[in-house]
Every structure is written in C-alpha cells, then in structure tokens.
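K.L.:
Structure in structure tokens, see below.
The values are calculated or read from the model by the stated rules, or taken from the named source; none is laboratory data. The structure presented is a predicted model; accordingly, all values stated were derived computationally and were not measured. Glycine also receives a Cβ, built like all others from the backbone with ideal geometry; neighbour counts cover every protein chain displayed.
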Amino acid sequence: MNRAPDTEIEVERYELAETGRYRFEIERREFMRIFGVMGGGLLVLASTPAAQESGRGGQQAAANDVAAWVHIDEQGRITGYTGKTEIGQNIRTSLSQAIADELRVPLDRVSLVMADTDLVPYDQGTFGSQSTPRMAPQLARAAAAAREMLLDRAAAQWNVDRATLAVKDGQIAGQGRTAGFGEITKGQKLAGAVPAGVSPSPVAQWTLRGTARKKVDGVAFVTGRHRFTPDITRPGMLYGAVIRPDGYTGTLESMADSAARAIAGVTVVRDGAFAGVVAPTERLARKAASAVKAQWRVPADLPSSQTVYAHLKKTGTPGGGRGGASTIVGDVAAARATAARTFDASYRIPYIAHVPLEPRSAVAEWSDGKLTVWTGTQRPFGVRAELVDAFRIPEAQVRVIVPDTGSAYGGKHTGEFAVEAARLAKAAGKPVKLVWTRAEEFKFGYFRPAGVIEVKAAVDGDGRITAWEFDNWNSGPSAIQTPYDIPSRRIQFHQSESPLRQGSYRGLAATANHYAREMHMDAIARALGVDAVAFRLKHLKDERMRNVLTAAAEKIGWPKPTSSGRALGIACGTEKGSYVATAAELSRAPKGFTVERVVVAFECGAIVNPDGLNNQVEGSIVQGLGGALFEAIEFANGQLANGSMAQYRVPRFKDIPAIDIVLLDRRDLPSAGAGETPIVCVAPAIGSAARSFGTVATELPVKLV
C-alpha cells in the first residue's frame, strides 16, 4: 500500500506493524445478515488495507471542507472538530486557543469535539508531538477561512462593501451595524473548501495564543466530574474478563470451563485463540475467569533480562524502516588510524513499562448491527480499523469514541482491549465493560524497547572529535544522528528480534540514543580534562542547540555545585523539531545519591500556551526520572519478575527534586512539538553528575558501583 510520507510508520513503533491479534469466527447466518444477499449471488465486502485507505481518502477529501473542522450555531457558539485525543497533554486548551484567536472570540465561546470517528475528520493518531505543529495550524486555517466566510455573508446580507467590515469579540461590525456570528449563519454550515490563500494569523497578531490560559474543563477533572472510560456505564451493562496465561506469553491449547459456567449469571466465550467471561459485576467476572482451567503452550528457551542484550545483538540486522539506512560521512577508518585517542563503549537500555494512570479499558455496545466502543486510545481511527478487521464488518458500522483519557505515553496505540470488549458484548447481547488489571497492563501491553548501543569516537591532538561510530540494536533510530560537528561518521540502526512485546514510548528511541551519545561526550570531556559544556560548544554549530545549552548551564550555576558533596551533570539534544538541555545537581547519599535539582532549558519555536508547555516539561522530567533511576522490567522463563506496582518502582513524591524550567520563546519560528523532547536528556544529565560519585555509566537505570 502506498503511504503519504507523513503516515509512514517509524521503525520503533513496532506495535503498529503487528498483525491483528484477533480475527473472529463469524457464523454463516450472521455473515448473511450483515452483508446481505444479491439475487442468486453473495455480495462479499473485503476489509483490506487498500480498501481502508480508499475510505480514508474520502474522509480526507471531506476534511478539506471548513464545515469538517468548524461549526457555528444559531447562538454563535463555536465547535471545533479534531481526531486528536486529550491524554493529559492539555491539547484541548491550546487547540481551542487557535480557533478562538482566529475567530476573534473569547476562549469560553469555543468547545472541541475530539476523537469521535463518526464526527471528526480522519486522523492518524495522537503521537510524535504533532498536535501543535500540524493540528493547531489546520484548525487555525479553518477558523480563519470561517472568519472570511462570515465577512462575505455579512457583506452580502447587508449589501455593503466587505472591506468596511471587521470581526471583533464574536461580532461582525461595520457601516454602523453589528451582528453576532449566529445571526449571520442562522445555524447553517459554513461549507466550502478552505481557500488556498487563507493562512493563520502571523505570530505578531496572536492575542490568545502565546498566553497562559487555564485548562479547558479543568474544574471537571479537579472535582472528579469528568468520566474516564472506566467510569462509563450503559443501560444493562455487564462486565468482562479475559482468560490469559500466567506469564507474558502463551498460546491457548485447551480449557475446562464448567466451573465458570456453573456460576449464576456468567457467560463463557471461546472464539479461536480468544477466551473470556461476562458477568453482572466486575468482581464476579474476575471470579469466573479464575475458575477456568486453561492449558497454555509457552515457548522454550526464552531470553531473560540478563541475556536479552546478547540476544538483541545476535538477532540484529541492519536497517528496518525509516531511519534504518546507514549514514556514512567522511572516512571513519582513516580518522581512527590517525587519532590521538579513541573512546569506545557499549551502553545497555532495558525494557520499561508505560504505567498509565488509567489502565486500558473499553465499553462496547452492539445495536442494530452497529458497534460503538468508548475507549481510551491515541488512535481512534486505528482502533476502528482493528474492529473492522476483527469482526469483518463495514467501516460505517463501527464508531469509536474517546473520552479525555488518563495518560498513555505511547502505550495506547493498539486497540486489542476494545476488540476484546466488543467480542464479549457480541456474545452477551448487552453492553460490556472491560478494564484491564494492573497485572494485565504489565504483562500484555507493550514495553519501551530494550537496546544495545555501541559508540566509538576518535579525537585528534587538539581535542576535537574526528570520527564517530554509533550502532543501535533494537531500540530504534529516533534522534540517532549526532547534532555535533564531526567530519567522519558512521551511524547504523539494527532491527532485532524482541522476546517481549515492544512499541512506542514517550520520545521513542530518542531517550536511549541521547543517553548513549551524551554519556559518551561526557566521558571524552572528562578524559581530556576539559569542561563538558565548553567541549560540547566546541562541536556545535546549531544556534538553537547552543542557546538551550548555555541557558541550562547558566541557570544551574555551571560548573560549580552549590556545596561540597554535590556534583553537576549536563546534556543537550534535539528531537521532533525542538531543542532541550538538561542539567542536574546530585548529592552523595549513604546508599548512593539523591537528585537535588533539575534544570531544563527548552525551545520549541513559538509558544502557544506557556502554562501548558511548562506542565509538559515538568511531566517529562518526572517521567524521565523513572527511566533514569528505577525502571527496568525484569523477566525470565516467560514470567515478569516485577510486573506489579508493588514491585515495579516509579517516581514517588519523595523522589521529585526542585525543578527549574527555562522556556525560550522563539516567535520567529513555527511552533514545534513539546510532549516528547523534554524527556530525552534527563537520564544523561543525571548519569554525568553521578559519574563523579563512581557510577556504572554505561547502563540504565543509573547505579553506583
């Protein structure tokens, strides 16, 4: 299938390359009812990638219409439509700011319909820090077109020169007359293609954008009024549970379910590799699931968390998708042969879990042949496609609605939990809610990929790096290219066979690649006896990178820590079009070290909402602390050794240091994504500081010797 460049799957989004986890059997009678019979022959409809892409093309064509994005009702209330999902990043607020700014109305006049596949234009998904750089301009452009259409209508209705009219405070004014938007539209759609000449207002004309606005619907979240997917109820709703292996893998061979069927109100479902139960209460569903005696086939000789790194190198092959091709610049061999010193090291990155606040969950309801699923996902249209494929029903008969979701971090791209809920609901003939347990989250979701990264560098007599070799096995090529000015380079990603299910995580592989690169830069600077900031600046031409690095260094008080027994570390990088530098101050502790302070200087072009951006950066720092200090999945013999919240350590309140954030607002540049990049330098900043205390600096989490 041909894909547009912006829809290519990044290689470390392994979960998007998976085949469907379920494809259910359909009885002939049901098949005939769904698809119908034409004369003496059967009409067969196939749900293929090409057919799905064709349907999306129709949606994309409709998406060029202003009415697909913006509607103004008779009262002048404005509704925007987007396939993006709100997963805690506060994009609902910043996208509303874009619409309100272009229509010259107060923010409270705008509401958003998000991630409802029956109502919004097709969207690939909410990932890659693309909501601000892509969706905000799209909605702004549609709103700007709507503004121009309002002026056209008002001029025609009043029979006046359009140039004499203006839009202000939600009204059309001119020629001594004023009218609200609703009076002009009378509730009719502002239909028509967005004119090619219409562009969003330049940054200099922003009034709402660029200002800190309170979170839209924030009161509902603070008071608990907002309903997440696990809170949703439907009339007559039942509860489901899925029969799963004890470990993280296994193929169902047989099951004895008589004990479960004997429980009043319980329905047992078996369809190929899928098995589950439905009951009147969640507790009873769990009880019935535990009563089923299932036999599972588990592969032998599975790697463990101790042997996985050798396994990844052994099974790795060069390439593997976008970013996988080798980069060769200059003559690395010649540069190494004439080098004054060489520095080689291998870095190990473990699997880590997403641990979202809201577990995977879905409510599924069948009505008159149509399936509606409420679920927390980053890809509502992707989940719809999974449902279409699993049940082999027309796309028009599937609706996916995504309530504002309690975090995802890249872990909710697939929709197997929605498919499971729909299969249970189909068997029960009633709506079914399925909420994964925390144990299911750990065992059957996907992890941030583990990786092995080998770095080799050569330095001349003047202390300048002349050669750089960088090989990443498995974790991915995001940010694999070095931002440093090095004349000879060889950079390669190797795709490996992963023993654990793996996929997207906040920042993708950029965190792993930044850790290895920045720790190696730190090691070279220390060995040469030069300042780590000066050493980086010596190799940096990029003005934006230099700006964040010097800003972070100045804020942390580089190079001197605040007192004895403390150490400073620093790292910088770029990803998703934005730039970050992170500095950390550590103190020595009886059993290791304590992170006392973290400073982040961040630049993502023009800032839309500084308050929301500040929250995004803070959240990235806290999440980054987990991967730097605690988080690593331990496994052996097909079992997770720490697959529970009691065993898997994530940052706690007591772990959070003082945090200082320096936001560099570049209003001369387009807005770039901000949800992922701030996480990438937390670990190397901590690692470089901890190295002063004698750390194992080539492995995450950072540990003292």
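K.L.:
Just to confirm my filter: which strands (runs of 3 or more DSSP E) fall fully inside the range 242-323 and include at least 2 residues that are modelled with pLDDT of 95 or more and among the β-branched types (Val, Ile, Thr)?
P.N.:
Numbers: elements: 251-256, 267-271, 274-279, 293-297.
Correct list: 267-271, 274-279.
K.L.:
Could you list, in sequence order, the residues of the range 216-244 that are among the aromatic types (Phe, Trp, Tyr) and in contact with a helix residue (DSSP H, G or I) (Cβ under 9 Å, 6 or more places away or on another chain)? Even if it seems obvious, please write down each step before you answer.
P.N.:
Step one: filter the range 216-244 for residues among the aromatic types (Phe, Trp, Tyr), giving 221, 228, 239.
Answer for the range 216-244, where residues must be among the aromatic types (Phe, Trp, Tyr) and in contact with a helix residue (DSSP H, G or I) (Cβ under 9 Å, 6 or more places away or on another chain): just Tyr239.
K.L.:
Continuing with the same structure: So, in the range 339-381, exactly how many residues are under 20 Å from the mean Cα position of the chain (by Cα), over 25 Å from Gly83 (Cα atoms) and β-branched (Val, Ile, Thr)? Show your work before the answer.
P.N.:
Residues of the range 339-381 under 20 Å from the mean Cα position of the chain (by Cα): 349-362, 374-381.
Subsequent filtering for residues that are over 25 Å from Gly83 (Cα atoms) retains 349-353.
Next, only the ones that are β-branched (Val, Ile, Thr) stay: 349, 352.
Within the range 339-381, residues that are under 20 Å from the mean Cα position of the chain (by Cα), over 25 Å from Gly83 (Cα atoms) and β-branched (Val, Ile, Thr) number 2.
K.L.:
Something else about it: May I ask you to list the residues in the range 559-614 that are hydroxyl-bearing (Ser, Thr, Tyr) and outside any strand (DSSP E or B)?
P.N.:
Taking the range 559-614 as the starting set, the residues that turn out to be hydroxyl-bearing (Ser, Thr, Tyr) are 562-564, 574, 578-579, 582, 587, 594.
Residues satisfying the conditions are Thr562, Ser563, Ser564.
K.L.:
Based on what the data block shows, is Val332 over 20 Å from Trp436 (Cβ atoms), surrounded by 15 or more Cβ atoms within 10 Å (Cβ to Cβ) and modelled with pLDDT of 95 or more?
P.N.:
So Val332 fits the description; yes.
K.L.:
Six or more apart or on different chains, Cβ atoms under 8 Å: show the pairs whose first residue is in the range 610-633 and under 15 Å from Thr511 (Cβ atoms) and in the same structural domain as Ala690 (by TED's automatic domain parsing) and whose second is part of a helix (DSSP H, G or I) and small (Gly, Ala, Ser).
P.N.:
Once the first residue is under 15 Å from Thr511 (Cβ atoms) and in the same structural domain as Ala690 (by TED's automatic domain parsing) and sits in the range 610-633, its partners that are part of a helix (DSSP H, G or I) and small (Gly, Ala, Ser) give Gly624/Ala683; Gly627/Ala683; Ala628/Ala683; Ala628/Gly687.
K.L.:
If you check Ala589, Ala525, Ala571, which single one turns out to be touching a residue at least 24 places away in the same chain (Cβ under 8 Å) and not aromatic (Phe, Trp, Tyr)?
P.N.:
Unique residue meeting the criteria: Ala571.
K.L.:
Let me ask something else about it. Got a sec? Which of Thr377, Thr372 is part of a strand (DSSP E or B), touching a residue at least 12 places away in the same chain (Cβ under 8 Å) and closer than 26 Å to Gly88 by Cα?
P.N.:
Numbers: Thr377 fails: part of a strand (DSSP E or B).
Answer to the check: Thr372.
K.L.:
Kindly evaluate Val269 against the criterion of being under 35 Å from the mean Cα position of the chain (by Cα), closer than 20 Å to Phe444 by Cα and in contact (Cβ under 8 Å) with a residue 12 or more places away in the chain.
P.N.:
Working: under 35 Å from the mean Cα position of the chain (by Cα): yes; closer than 20 Å to Phe444 by Cα: yes; in contact (Cβ under 8 Å) with a residue 12 or more places away in the chain: yes.
The answer is yes for Val269.
Here is a yes/no grid of residues against (1) loosely packed, with under 13 Cβ neighbours inside 10 Å; (2) modelled with pLDDT of 95 or more; (3) closer than 18 Å to Leu112 by Cα; (4) under 31 Å from the mean Cα position of the chain (by Cα):
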| residue | (1), (2), (3), (4) |
| --- | --- |
| Ala179 | no, yes, no, no |
| Gln188 | no, no, no, no |
| Lys215 | no, no, yes, yes |
| Pro230 | no, yes, no, yes |
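K.L.:
If I go through the range 499-517 residue by residue, how many of them are assigned to a loop (DSSP other than H, G, I, E, B) and either touching a helix residue (DSSP H, G or I) at 6+ places or on another chain (Cβ under 6 Å) or crowded, with 22+ Cβ neighbours inside 10 Å (or both)?
P.N.:
Filtering the range 499-517 down to residues assigned to a loop (DSSP other than H, G, I, E, B) leaves 499-501, 503-509.
If we keep only those that are either touching a helix residue (DSSP H, G or I) at 6+ places or on another chain (Cβ under 6 Å) or crowded, with 22+ Cβ neighbours inside 10 Å (or both) too, we end up with 499, 503-509.
The total comes to 8.
K.L.:
Report, ordered by the first and then the second residue, all pairs with beta carbons closer than 6 Å, sequence separation of six or more or different chains, a first member in the range 323-352 that is more than 19 Å from Ser498 (Cβ to Cβ), and a second member that is part of a helix (DSSP H, G or I) and of a type outside the set (Ser, Thr, Tyr).
P.N.:
Every condition considered, the pairs that remain are Phe343/Ile524.
K.L.:
From the list Ala154, Ala193, Ala241, which one is surrounded by fewer than 19 Cβ atoms within 10 Å (Cβ to Cβ) and of a type in the set (A, V, I, L, M, F, W, C)? Don't jump to the end; show me each part of the working.
P.N.:
Numbers: Ala154 fails: surrounded by fewer than 19 Cβ atoms within 10 Å (Cβ to Cβ); Ala241 fails: surrounded by fewer than 19 Cβ atoms within 10 Å (Cβ to Cβ).
Sole residue among the options that is surrounded by fewer than 19 Cβ atoms within 10 Å (Cβ to Cβ) and of a type in the set (A, V, I, L, M, F, W, C): Ala193.
K.L.:
Residues Gln481, Gln492: which one is surrounded by 19 or more Cβ atoms within 10 Å (Cβ to Cβ) and assigned by TED's automatic domain parsing to the domain that holds Ala683? Break it down stepwise before answering.
P.N.:
Details: Gln481 fails: surrounded by 19 or more Cβ atoms within 10 Å (Cβ to Cβ).
Just a single option satisfies the conditions, and that option is Gln492.
K.L.:
Taking into account only those residues within the range 596-620 that are surrounded by fewer than 23 Cβ atoms within 10 Å (Cβ to Cβ) and within 18 Å of Ala690 (Cβ to Cβ), which is farthest from the chain's Cα centre (by Cα)?
P.N.:
Looking at the filtered set, the residue picked out is Glu596.
K.L.:
Then there is this: Looking only at strands (runs of 3 or more DSSP E) that lie completely in the range 384-472, which have at least 3 residues being modelled with pLDDT of 95 or more and surrounded by 24 or more Cβ atoms within 10 Å (Cβ to Cβ)? Write out each step before concluding.
P.N.:
Values: elements: 398-401, 432-435, 451-459.
Filter on the range 384-472 gives 432-435, 451-459.
K.L.:
Which number in (1) of a type outside the set (S, T, N, Q); (2) more than 19 Å from Arg544 (Cβ to Cβ); (3) assigned to a loop (DSSP other than H, G, I, E, B) marks the one condition that Leu625 misses?
P.N.:
(3)
K.L.:
A further question follows. I'd like the full set of residues that are within 23 Å of the chain's Cα centre (by Cα) and hydrophobic (A, V, I, L, M, F, W, C), limited to the range 634-655.
P.N.:
To start, the set of residues in the range 634-655 that are within 23 Å of the chain's Cα centre (by Cα) comprises 643-645, 648-652.
Met645, Val650 - these are the residues of the range 634-655 that are within 23 Å of the chain's Cα centre (by Cα) and hydrophobic (A, V, I, L, M, F, W, C).
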